[in-house]
Structures are given as C-alpha cells and as structure tokens.
Amino acid sequence: MKKIKIIYGALLCGSLVLGIQSCKKNTISAPNAVSQTGADNSNNSSARMWIAGKQLYAVGHDASSQAFLYPLAAPAALTPGTPTALCVGGTTVTEVTGIAFITNTTNSIIVSTSGTSNYANKLLIYAFGAPYNAPTIVTCGGITDIEFNEYDSKLYGILQNSKIVRIAPMAGTTTVNLTPVIPAGSKLAGLCNYNGLLSYCISDATAAADNFYSYNPAAPAITAPLFSTDFGTGNGGMQYCDTYGWEVITPTDNHKSISSAYVPGAFSLLPGGPFRISDLTSN
C-alpha cells in the first residue's frame with residue numbers, strides 16, 4: 001500500500017468549508033492473495049490489524065459527545081496524539097460507534113454513528129487524510145462496531161450488539177453473517193481483524209470474565225473461545241496487533257493488552273484523558 005504522509009493538527013470544524021460528496025459507488029480493491037482456512041496463522045500479517053510501521057487510530061469523544069480521530073502510539077505505549085475532528089462541513093459529528101480503515105482507490109476511513117447522533121444511523125466515508133469534513137454519507141442503522149477485512153475486501157459490523165453482518169459500504173445494506181447465541185444481559189463487542197480472520201467478544205459489561213472468539217467470514221460459526229478475560233463496560237474498542245496481541249480500550253479510557261499467547265494483561269488508564277474511546281483501527 002502506498003505510504004501517505006499526514007501532518008496532524010487539531011481542527012476546528014467551524015473553519016472548514018461545507019461540502020458533502022455525492023454517494024457514488026466506489027470499487028473495493030481485490031483481496032490480498034492469502035488463503036485462510038479458519039486456523040490461526042500468525043505469518044499472514046494484516047496492516048489493518050497493525051503491523052510495525054503502520055499507525056493505530058482511535059475514535060473518541062469529548063464531553064459533548066463530539067467525535068475526534070486520535071493517532072495512537074505503538075502497542076504498549078498507547079498515548080493518544082493530537083486529535084482531528086470528524087465533521088460534516090462545519091459541524092462535528094457526535095456519537096460515533098465504530099471506525100474502520102478500508103482499501104479502495106484512495107484509501108478511506110469509515111465511521112458508523114448511533115441512532116442519537118446528529119447524523120443518526122449513518123456510515124460516514126472520508127478520504128484518508130485531514131481535514132475530515134466532507135464525507136460520503138450512507139444510511140445504515142444499528143451498527144455498533146465495524147471492521148474492514150482486507151483478506152476478503154469486505155466491510156463487517158456488529159448489528160444491534162447481537163449479530164455480525166457484512167455491510168455494503170456504498171449502499172448501507174447488511175447481510176447477517178453470524179447470529180451467535182448471546183446470553184441474557186450480554187452483547188457482541190470489539191470486532192477486529194485477527195491473522196486473516198476476525199475476532200470478537202461476548203461481553204456482559206460486568207467485572208466477570210468474557211469470552212473472546214475467532215471468526216471466519218467464509219465459514220461463520222461459533223468456535224471454541226480463544227481465551228477469557230474481562231472486556232470492560234460499554235462498546236469499547238479492540239485491535240489485534242501483530243506480535244503483540246489484542247489491545248482493548250474501554251469508553252472509560254482503561255486499556256489492557258492480551259498477548260498473542262492469549263495471556264490477559266491488567267487494565268491501566270490512558271494518560272492525558274479523557275478520550276472516551278469507542279473503537280480502534282489501523283492503516
């Protein structure tokens with residue numbers, strides 16, 4: 001993938017020029033030549049799950065629920081950098097639920113919004129690189145997390161905290177790909193790339209241990225859990241990082257590392273907050 005140089009800076013949406021792009025169809029690029037059968041294969045590193053030399057990003061919110069894009073330091077040193085507002089023209093978008101970096105002709109960042117956002121139940125598709133103020137806007141309701149799987153070049157999401165769906169980014173239509181049995185009081189969270197597959201968590205939003213699973217879109221089924229540890233509360237973000245394992249950040253800015261040997265780490269507080277993180281991605 002072509003390397004793109006970005007200069008980060010805090011952006012005030014009020015100073016940006018209003019402009020909403022038309023919702024025209026983009027062509028998603030062909031998948032990488034990687035064959036996956038559902039087994040863990042750590043040799044097939046995905047840029048979208050963070051590899052050395054790539055950038056982690058988080059979407060977080062201020063006290064007014066306005067959304068900002070934060071570059072993050074490498075795993076194990078996750079201090080957020082200078083934020084960039086996610087806007088439509090001069091208005092900062094509120095209540096973003098998920099973020100994904102997708103590969104198309106220009107590379108894009110997609111964010112999903114909640115039903116109470118000022119741009120409710122939408123996918124906002126931004127060309128990668130600041131300023132983020134002129135997205136293509138697509139209606140797609142009930143999405144609480146998203147992830148682009150570069151191995152099959154498709155966008156996936158969690159619908160209403162209970163189903164994994166495939167999403168047509170330029171149409172907003174969803175196809176149920178996995179409907180797991182969710183215990184009462186629990187929900188799906190933390191969808192992310194994982195060694196050519198995806199992974200997710202069934203979280204009960206308590207201090208009790210939650211199960212983490214691998215997920216193969218080509219053969220959707222519930223597998224044996226990879227490991228169990230507390231995911232935290234809310235719709236926190238999760239990202240698999242090559243050679244490190246999973247990084248989990250809760251909306252209360254607590255984060256933990258889970259090694260690729262499935263050994264859970266302890267929660268610690270991100271320095272410099274609050275950031276109110278709702279999801280993670282990588283370019």
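Considering the zone a paramagnetic label at residue 82 would reach in this model (a point 7 Å from Cα along the Cα-to-Cβ line), which residues of the range 261-283 have amide N under 11 Å from it?
Backbone N within reach: none found.
Ignoring ligands, DNA and RNA, what accessible area per residue does the range 133-192 give at 1.4 Å, in Å²?
Details: 1970 Å² over 60 residues.
Value returned for the range 133-192: 33 Å² of accessible area per residue.
What are the equivalent ellipsoid semi-axes of the range 168-272, built from the alpha-carbon gyration tensor (square roots of five times its eigenvalues), in whole angstrom, biggest first?
Here the semi-axes work out to 22, 16, 15 Å.
Provide the per residue accessible area, probe 1.4 Å, for the range 237-283, rounded to a whole number of square angstrom.
Normalised by residue count, the accessible surface of the range 237-283 is 36 Å².
Leaving out ligands, DNA and RNA, and with a 1.4 Å probe, what % of the accessible surface on the range 189-274 is carbon or sulfur?
61
Excluding ligands and nucleic acids, what accessible area in Å² is computed for residue 263 using a 1.4 Å probe, to the nearest 10?
Here the residue's solvent-accessible area equals roughly 90 Å².
For the residue pair residue 179 and residue 263, what label-to-label distance in nm results when each label sits 7 Å from Cα along the Cα-to-beta-carbon direction?
For residue 179 paired with residue 263, the spin-label model returns 4.1 nm.
The values are calculated or read from the model by the stated rules, or taken from the named source; none is laboratory data. None of the values given here were measured: they were computed from a predicted structure. Positions of Cβ are generated from backbone atoms using ideal geometry, with glycine treated the same way; all protein chains shown enter the neighbour counts. These accessible areas exclude ligands, DNA and RNA; they are computed on the full protein's heavy atoms, side chains included. Shrake-Rupley method; radii C 1.70, N 1.55, O 1.52, S 1.80 Å.
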